[in-house]
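Peer 1: Can you keep this structure in mind? I'll have questions shortly.
Please treat every number below as a calculation from the coordinates, not as lab data. In this text the structure is predicted, and so the values were computed from the model without any measurement. Glycine also receives a Cβ, built like all others from the backbone with ideal geometry; neighbour counts cover every protein chain displayed.
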Ligand code: SIN
Ligand code: CO
C-alpha cells in the first residue's frame, strides 16, 4: 500500500523523533517512491454515501454560513449540487472501514500503536480547503493525488482569533511564514497546534495519518476512579499528631498539607496497578463496536492455517502489551490477558495472518490459547466456519 518510507537526507526515525516529533514541521519529498493511489476520488465519494462510513463535507461558501460542516452519509445529488469549487470531503477511520488500509499505517509504526489514531482521506477540487486552522494532534499529510499548497505558521499556535459563527475553528487572521507545494507522493509532518492551510491546486487527495494523545484530565479522572474503586470504605484520612487550630473554623495549614499528602499517596497507587490500568485505558474500545465472538479450538486454528485461511485482528480493537520479564500482559479492547512475551509481541506486530504466517504464529507456545480467548470475544476474526 505504502512502500518503504523515504526519509529526507540525514534523517531517520531516531533523529526524527529526537528533533522533529512534537517540535517542528518536516517536509518529505517523494516520501513513498512508487506509490500508486489505490482510492480515487469517485471511490471516496462512494464511501461517503455509506451509512457506516464516517464522512464530512466542509463548504467554504455554499453552506448556510461560511465554513459549514456537514456530516455524512451523503447522496449522489449532494455531489451533483457541490459543483467544481469551494468544498472538501473527508473520510475518517479509513483503515477501520477498509481493513486493507491498515497497511498504510505500517511505515508510521516507529511511533507506538497506542499513539496512532486513524487514516483520513480528503478530496478537494482546485481551490478547495478546510480553511486556515490548527489541530491538537500530530499529523503526517501525505499527498496521494494532485498538488496542494500548504501555508504553515511560524510556531505552535498562540492566541489566534477564531472566526465567529463558523462550524469549524477557522483562524481569522492567520500568519504564515512558509509555503510548500506538495506534489503527488510528498508528505508534510506537522506537530500539534501549528497553524496550517492546505489549498488544492488540482483535484487533490490528501491522506492524513493522525495521532492521538490521551487528555491528561481524562487520564486523571479515570485513574482516580480506578484507585477509588480499590480503596476500602474504611480507609479514612487520619491525623494522629495534629496541632489544635487557632480558630475552630479554620482548616489549618497542617491539615491541608496532611490531606494533600494522603491524597497524593493513594493516587500514586502501585506500579502493577498502574500498568494494568494504563493498558486497559489505552486500548479501551468504543461502546458501539460490533463484535462477533467465535469459539475456535486449537485444531480449527491449525486446519485454518493448513488450508491457507486467515485470521485478523478486528480493525476497531486496539492491541498493546506491557512486558513482565518473560511474560507479558496483552491488552486488547480494554481487556487484559496474561501470556508469554513472544506471544504478546507477535499478536501486536501484525494485524492479520494467513497460511504459513498463521502457522508460524501458532508455533509460538501459548499463542493458540490466547487466540481462542481473543476469538471468543470477537477481537480476532477468522474465515473459518463457526462450527
Ligand atoms: C485536508 O486534508 O484537507 C486537511 C487536513 C488538515 O488540515 O489537517
Ligand atoms: Co489540519
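Peer 1: Quick one: check the C-alpha center-to-center distance for the range 151-180 versus the range 189-255, whole angstrom.
Peer 2: Spelled out, the Cα-based centre of one part sits 27 Å from the other.
Peer 1: Hey, another quick one. Can you tell me how much longer the chain between residue 51 and residue 80 gets when fully stretched, taken as 0.36 nm per residue apart minus their C-alpha distance, in nm with one decimal?
Peer 2: Details: separation 29, 0.36 × 29 = 10.44 nm, distance 1.90 nm.
So the extension gain works out to 8.5 nm.
Peer 1: Then there is this: Using only the alpha-carbon atoms of the range 13-211, report the extent along each of the three principal axes, biggest first, to the nearest angstrom.
Peer 2: On the principal axes, the range 13-211 reaches 48, 40, 29 Å in Cα extent.
Peer 1: Right, something else. Taking 7 Å along the Cα-to-C-beta vector as the label spot, tell me the residue 273-residue 247 distance in nanometres, rounded to one decimal.
Peer 2: Roughly 3.7 nm, to one decimal.
Peer 1: For the ranges 235-241, 80-86, what's the packing order if you count other beta-carbon atoms within 10 Å of each residue, average per peptide, and put the highest first? Can you show the working numbers first?
Peer 2: Numbers: 235-241: 8.6, 80-86: 12.6.
Most protected by this proxy first, the peptides run 80-86, 235-241.
Peer 1: If I stretch the segment between residue 357 and residue 260 completely, what's the gain in nm (0.36 nm per residue apart, minus their alpha carbon distance), one decimal?
Peer 2: Details: separation 97, 0.36 × 97 = 34.92 nm, distance 5.36 nm.
Gain on stretching residue 357 to residue 260: 29.6 nm.
Peer 1: When the expected Rg is taken as 2.2 N^0.38 Å, what fraction or multiple of it is the alpha-carbon Rg of the chain? Display every interim value, and only then the final one.
Peer 2: Numbers: Rg = 25.1 Å, N = 387, 2.2 N^0.38 = 21.2 Å.
Ratio of Cα Rg to 2.2 N^0.38 Å: 1.19.
Peer 1: Another one. Rounded to the nearest angstrom and ordered from largest down, what semi-axes does the equivalent ellipsoid of the range 298-386 get from its C-alpha gyration tensor (root of 5λ)? Don't skip to the answer; put the middle values down first.
Peer 2: Details: eigenvalues 81, 40, 22 Å².
Equivalent ellipsoid of the range 298-386: 20, 14, 10 Å, largest first.
Peer 1: Now for a separate question. Estimate the FRET efficiency between residue 9 and residue 212 by the formula 1/(1 + (r/R0)^6), using the beta-carbon distance for r and 25 Å for R0, to the nearest 0.05.
Peer 2: On the way: r = 30 Å, r/R0 = 1.20.
Once rounded, the FRET efficiency stands at 0.25.
Peer 1: Compute the distance in nm between two label points, each set 7 Å from the Cα along the Cα-to-Cβ direction, one at residue 162 and one at residue 180.
Peer 2: 2.6
Peer 1: Any number yet on Rg/Rh for the range 216-269, C-alpha, Kirkwood?
Peer 2: Over the Cα atoms of the range 216-269, Rg/Rh equals 1.07.
Peer 1: If you don't mind, another one. Mind ordering 263-271, 221-229 by average Cβ neighbours within 10 Å, highest first? Don't jump to the answer; show the numbers that get you there.
Peer 2: On the way: 263-271: 11.2, 221-229: 13.3.
Highest mean packing first, the order is 221-229, 263-271.
Peer 1: With a 10 Å radius around each residue's Cβ, average the other Cβ atoms per peptide and rank 191-204, 63-76, highest first. Before the final figure, lay out each step's value.
Peer 2: Details: 191-204: 19.9, 63-76: 14.5.
My ranking of the peptides, most packed first, is 191-204, 63-76.
Peer 1: Given a Förster distance of 30 angstrom, what is the FRET efficiency for residue 289 paired with residue 324, based on the Cβ-Cβ distance and rounded to 0.05?
Peer 2: Values: r = 27 Å, r/R0 = 0.92.
Step by step, r from the Cβ atoms, then E = 0.65.
Peer 1: Just the number, please: Stokes-Einstein D of the range 226-314 in µm²/s, Kirkwood Rh from C-alpha pairs, 10 °C, 1.306 mPa s. Intermediate results must be reported in sequence, preceding the final value.
Peer 2: Numbers: Rh = 18.8 Å.
Calculated translational D: 84 µm²/s.
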